[in-house]
Amino acid sequence: EIEFFFERRKMLGEIVKLMDQGVLPLRVTHNDTKSNNVLLDQKTGRALCVIDLDTVMPGSSLFDYGDGVRFGASDAREDEPDTSRVALNMDKARAFTRGFVQETAGFLSREELSRLPLGVKVITAELAMRFLTDYLDGDLYFKVDYPEHNLVRARAQMALLRDIERKEALLYRMAEEDVRRFGGA
């Protein structure tokens, strides 16, 4: 598992590097963009507000997009023990990407929008690494249901990242199609 992350160390720092170079702007980001962090109206099902604001800080829009796809477009639970069941659902990823680009093209830059798939890779790798680190540290951060829970989570996210890497070219083509369709600031 440690070698898995070592092999991806350059990719893991790519967004921060692009921000340091001024290619990607610094934005206010939520950094935990999962559907369960949106409060919904019980009658209409419409979003009322974003919750779980303890993770809000300066960052990149790629982090929020990436976590939304990682969580919302996976075919398996975040802690799926059978890693053969873990895959990125491209129909869900496509729908999320189209909506994200359409709603943000007026203020996110073309540089951000064209690199959205990098956010999926980085945030998936980061979360997998955080799960593994917490497992090795004795489960001090994430709540666990059993002793190997964080190791199972890490392996599930590593399997998801492998599938994302296999589909990376398709993810970039998909994002570019939406950027051409809806534009960018």
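May I ask you to list pairs of residues, at least six apart or on different chains, whose Cβ atoms are under 9 Å apart, with the first in segment 22-45 being of a type in the set (G, A, S) and the second being not in a strand (DSSP E or B)?
Filtered contacts from segment 22-45: S35/G68; S35/F71; S35/G72.
Among the listed residues V120, V152, which satisfies the condition of being assigned to a helix (DSSP H, G or I) and within 18 Å of the chain's Cα centre (by Cα)?
Checking each option against the conditions leaves just V120.
Return the pair list, or none, for Cβ contacts closer than 8 Å from residues in segment 49-76 that are without any contact (Cβ under 8 Å) to a residue 40 or more places away in the chain and of a type in the set (D, E) to residues that are in a helix (DSSP H, G or I) and surrounded by 13 or more Cβ atoms within 10 Å (Cβ to Cβ), at least 6 apart or on different chains.
Filtered contacts from segment 49-76: D52/N37; D75/R85.
Against the conditions (1) over 24 Å from L26 (Cα atoms); (2) open to solvent by 10 Å² or more (accessible area, probe 1.4 Å); (3) among the aromatic types (F, W, Y), where does F131 fall short? Just the number, please.
(2)
Return the residues of segment 29-41 that are in a loop (DSSP other than H, G, I, E, B) and at pLDDT 90 or above; say none if nothing qualifies.
Of everything in segment 29-41, just one residue is in a loop (DSSP other than H, G, I, E, B) and at pLDDT 90 or above, namely D41.
Quick one: is L26 surrounded by 10 or more Cβ atoms within 10 Å (Cβ to Cβ), touching a strand residue (DSSP E or B) at 6+ places or on another chain (Cβ under 7 Å) and modelled with pLDDT of 95 or more?
It is true that L26 is surrounded by 10 or more Cβ atoms within 10 Å (Cβ to Cβ), touching a strand residue (DSSP E or B) at 6+ places or on another chain (Cβ under 7 Å) and modelled with pLDDT of 95 or more.
Anything in segment 108-117 that is under 14 Å from the mean Cα position of the chain (by Cα) and open to solvent by 10 Å² or more (accessible area, probe 1.4 Å)? List them, or say none.
Selection gives R115 alone.
Checking the structure you have, find out if any residue of segment 131-146 is touching a residue at least 24 places away in the same chain (Cβ under 8 Å) and part of a helix (DSSP H, G or I).
Yes - at least one qualifying residue is present in segment 131-146.
Scan segment 42-77 for residues that are open to solvent by 50 Å² or more (accessible area, probe 1.4 Å) and either assigned to a loop (DSSP other than H, G, I, E, B) or closer than 30 Å to P147 by Cβ (or both) and report the count.
11
Got at least one residue in segment 85-107 being assigned to a helix (DSSP H, G or I), open to solvent by 30 Å² or more (accessible area, probe 1.4 Å) and either of a type in the set (V, I, T) or under 20 Å from G13 (Cβ atoms) (or both)?
No, every residue in segment 85-107 fails to be assigned to a helix (DSSP H, G or I), open to solvent by 30 Å² or more (accessible area, probe 1.4 Å) and either of a type in the set (V, I, T) or under 20 Å from G13 (Cβ atoms) (or both).
What number of residues in segment 26-45 are out of contact with any helix residue (DSSP H, G or I) (no Cβ under 7 Å at 6 or more places or on another chain) and within 22 Å of R70 (Cα to Cα)?
Summing the residues that are out of contact with any helix residue (DSSP H, G or I) (no Cβ under 7 Å at 6 or more places or on another chain) and within 22 Å of R70 (Cα to Cα) in segment 26-45 gives 6.
Take the residues of segment 166-175 that are buried (at least 16 other Cβ atoms within 10 Å of the Cβ) and out of contact with any Lys or Arg (no Cβ under 7 Å at 6 or more places or on another chain): which is modelled with the lowest pLDDT?
Result: A175.
The values are calculated or read from the model by the stated rules, or taken from the named source; none is laboratory data. Fair warning: this is a prediction, and the values are worked out from it, not measured in the lab. Here Cβ is always computed from backbone atoms with ideal geometry, including for glycine, and neighbour counts include all displayed protein chains. The area values use the complete protein model at the heavy-atom level, side chains included, leaving out ligands, DNA and RNA. Shrake-Rupley method; radii C 1.70, N 1.55, O 1.52, S 1.80 Å.
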